[in-house]
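The values are calculated or read from the model by the stated rules, or taken from the named source; none is laboratory data. No experiment lies behind these values; they were computed from the predicted model shown. With ideal geometry, Cβ positions are generated from the backbone for all residues, glycine too; neighbour counts draw on all protein chains shown. These accessible areas exclude ligands, DNA and RNA; they are computed on the full protein's heavy atoms, side chains included. Shrake-Rupley method; radii C 1.70, N 1.55, O 1.52, S 1.80 Å.
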Amino acid sequence: MNLEIVPTGAALGAEIRGVDLAQPIDEATFATIERAYDEHGVIFFRDQRITAEQHVAFTRRFGEIAYNIFGQRWSVPGCPEIVVVSNITDDGKPIGIRRAGEYWHSDMCYTARPPRGTILYAIETPELLGLPLGDTEFASAAAAWDALPESLQQRLLGRRAVFDFTARKRAFPPKPEEILVNPPVRHPIVRTHPRTGRKCLYVMRDDCAAIEGLDAEEAEALIAALADHIVKPQFIYRHRWRPGDLLMWDNCTVQHRAIQDYDLPQRRKMHRTTMGGSVPV
Ligand code: SIN
């Protein structure tokens, strides 16, 4: 394979050209892809045609697969590793989760071991008058950290936030048994990427319920200020989807949100897998 890495020109993201994910990928090519993923936070491959099995096999190259509650409800029949993200209905029944990730977030930050990353494969993408809809925005929480004044960086280092599964308003409210298995957890608000050592902010307005050592008012103001800072235009890459795109994001240094600017008859269908993660440090 004649691999080429083309950065987006934004604070994060790169296109990987010259790779056919339906073909076997040798160790050296995979190592180059993984390095690009670590370095750019978001990487994507255009014009792919892969089966659900190939999608899962590619995800497994990065380690174990993670499952979440939405996966259990919306997985591809016979393939529990893949969650369908879609607005399509079949016989009046939704085939997937409709409004996944419409607010800025990092996947499953409310768990003790948030995922390493997520892989989204576009099967159908919406458009109106030939204009693509249903983009996804990605923000580099690492570039946002780098841009903070040193005095504020010093204030933040060592602090931990409480991440509460019940804090965020969700399209599908969790069931009591799902809340029981997701008690509040504490994570550092300045994370160190486990592979690159790069620091990044780890704060989400809708998931962080408190900051240890700060009173409620102070914590709320700090969470809001940092969450707003992370998603400033200079830290963002906006992906305009095409069918056949396979895109993956790093869930430590990157936050994302799906733009919900389409509706039926504009159809959007994505297949999503999630990689197992580690305890944030
Ligand atoms: C997600 O947050 O996983 C959904 C992203 C998207 O559908 O664009």
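At-a-glance table
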| quantity | calculated |
| --- | --- |
| Members of region 263-278 found to be of a type in the set (A, V, I, L, M), away from the ligand (no atom under 11 Å from the Cβ) and open to solvent by less than 30 Å² (accessible area, probe 1.4 Å), listed by number | Met275 |
| Residues located in region 171-194, provided they are surrounded by 16 or more Cβ atoms within 10 Å (Cβ to Cβ), without any contact (Cβ under 8 Å) to a residue 60 or more places away in the chain and farther than 16 Å from Ser278 by Cα | none |
| Residue list for region 77-102, restricted to those being in contact with a strand residue (DSSP E or B) (Cβ under 6 Å, 6 or more places away or on another chain), assigned to a loop (DSSP other than H, G, I, E, B) and within 10 Å of the ligand (Cβ to nearest atom) | Gly96, Ala100, Gly101, Glu102 |
| Scope region 241-262; condition more than 15 Å from Val85 (Cβ to Cβ) and surrounded by 14 or more Cβ atoms within 10 Å (Cβ to Cβ); matching residues | Gly244, Asp250, Asn251, Cys252, Thr253, Val254, Gln255 |
| Residue in region 212-225 that is within 15 Å of the ligand (Cβ to nearest atom) and either of a type outside the set (A, V, I, L, M, F, W, C) or open to solvent by 10 Å² or more (accessible area, probe 1.4 Å) (or both) present | no |
| Enumeration of residues in region 77-103 that are crowded, with 19+ Cβ neighbours inside 10 Å and of a type in the set (A, V, I, L, M, F, W, C) | Ile82, Val83, Val84, Val85, Ile97, Ala100 |
| Of all residues making up region 36-76, the number that are in contact with a Gly (Cβ under 6 Å, 6 or more places away or on another chain) and either part of a helix (DSSP H, G or I) or buried (at least 19 other Cβ atoms within 10 Å of the Cβ) (or both) | 5 |
